[in-house]
Amino acid sequence: MGVVDIGGWVEARFEPVLDAFAENFDRRGEVGAAVCVYLHGHPVVDVWGGVADAATGRPWESDSVVVVYSSTKGVTSVCANLLIERRRIDPAAPVAQYWPEFAAGAKASITVAQAMSHQAGLPLVEGEYTLGEALSWDPMVRALAAQTPIWPPGTRHGYHMRTFGWLVGELVRRVDGRTIGTFWRDEIAEPLGLDFWIGLPEEIEPRVATLVPPKRDLGALLQEFGPDLLLARVFSNPSGLFGYNEMWNTRAIHAAELPSSNGIGDARSLARMYASCIGEVDGMRTLQPSTVAAATVEQACGKDEVLMTDSCFGLGFMLGTSFGAANRPSAFGHAGAGGSLSFADPDVGLAFGYVMNDLRFEPNGDPRSEELVREVYRCLDA
């Protein structure tokens, strides 16, 4: 396993997953990472290794946590689907039923299901804002409530990279009264003992791994294709403030609630959460089978207007191989920019979480997560 210090444990049956994890360091230049696998509600892989801070050499520990970008959307989707299960939200109802101001701008007919599956035509926030405004919630949800969709809702879909979090998070707040970060902690994270936050408490900050920005600025690369390219506009939205750079290592970003983008946690918590969605974990279950079945019905599949490739969404969750080439069609969950991946596969009782701090944008898929997933399935099939 080379010179990288790897901690944790694996069941004997899953030792090839440990080998693949070590190869990520030896052959693929991994900096710091963790992977966890649950099978039928029980952990079978829980390993971590490398460094949490490449500049200081601070090691990745068992309790290290890291920003997981859009893997946060899976967490947000679990929260929304829990409220759907409790009959507090009806996915077929208009968003404006719960959020009356949202009816402005010809949006009265947009349904919850359309908002959760990237069909609302609101992939970006229009207007100019400071970073403080972008991180303070109310200016963003007011702007989205006032906007007019950029395509007829329900006629196509396009990845709502950051706006998904404000749209779904505000739905949760309107129905429940709590912010989504608080709802998540109260209803799911604390009962399950999860180290995962949307809005990080300051006392957890010393445990956060430092992100290593990608070698090439993807935002600048996209701008080379022209400022009118929708993906380029969405990527840095709002107001061109966002990119995958050192800003994500700041306390201001960590403290905010960006339920599309800034969840901070570990692989163990993501795997445990998804395991609790498809079965019991220590006597607790987060979503019932009928809820999962409804949440994973295809709502929007095919060409993505923003990503310019195919994508497939249920009620918030990405489906099948659309978010990981090594996934099976029965998988649901979410990938995150830079490489993180977490999902469940109810057909085989599998839950998986992978997090890392070295950000990469691989056009043909990230081999780090894909090799781990392939080995997990090989072990199951053996």
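The values are calculated or read from the model by the stated rules, or taken from the named source; none is laboratory data. Bear in mind that the values here come from a model prediction, so they are computed numbers and not experimental data. Cβ: placed from backbone, ideal geometry, glycine included. Neighbour counts: every protein chain shown.
The residue that is modelled with the lowest pLDDT, counting only those in segment 347-377 that are farther than 22 Å from Gly279 by Cβ, of a type outside the set (Gly, Ala, Ser) and surrounded by fewer than 16 Cβ atoms within 10 Å (Cβ to Cβ), is Pro363.
Scanning segment 85-111 for residues that are more than 15 Å from Gln147 (Cα to Cα), touching a residue at least 60 places away in the same chain (Cβ under 8 Å) and of a type outside the set (Lys, Arg) turns up Glu85, Ile89, Pro91, Tyr98. The listed residues are Gly132, Gly127, and the only one of them that is in a loop (DSSP other than H, G, I, E, B), farther than 27 Å from Ser311 by Cα and of a type outside the set (Asp, Glu) turns out to be Gly127. Taking every residue in segment 174-187 that is under 13 Å from Gly263 (Cβ atoms) and pairing it with any residue that is of a type in the set (Gly, Ala, Ser) and buried (at least 16 other Cβ atoms within 10 Å of the Cβ), at least 6 positions away or on another chain, the pairs with Cβ-Cβ distances below 6 Å are Ile180/Gly169; Gly181/Gly199. Scanning segment 17-42 for residues that are buried (at least 18 other Cβ atoms within 10 Å of the Cβ), outside any strand (DSSP E or B) and not acidic (Asp, Glu) gives Val17, Leu18, Ala20, Phe21, Asn24, Phe25, Val31, Gly41. For segment 146-173, the set of residues classified as farther than 23 Å from Ala255 by Cβ and either part of a helix (DSSP H, G or I) or among the hydrophobic types (A, V, I, L, M, F, W, C) (or both) consists of Ala146, Ile150, Trp151, listed by residue number.
Counting only strands (runs of 3 or more DSSP E) that fall entirely inside segment 294-367 and contain at least 1 residues that are of a type in the set (A, V, I, L, M) and over 28 Å from Pro59 (Cβ atoms), the qualifying elements are 300-303, 341-345, 350-356.
Comparison of Thr182, Thr148 shows that the only residue that is closer than 25 Å to Val355 by Cα and of a type in the set (S, T, N, Q) is Thr182. Considering segment 224-287, there are no qualifying helices (runs of 4 or more DSSP H) wholly inside with 3 or more residues that are more than 18 Å from Gly349 (Cβ to Cβ) and polar (S, T, N, Q). Within segment 43-59, the residues that satisfy the criterion of being loosely packed, with under 15 Cβ neighbours inside 10 Å and on the phi < 0 side of the Ramachandran plot are Ala55, Thr56.
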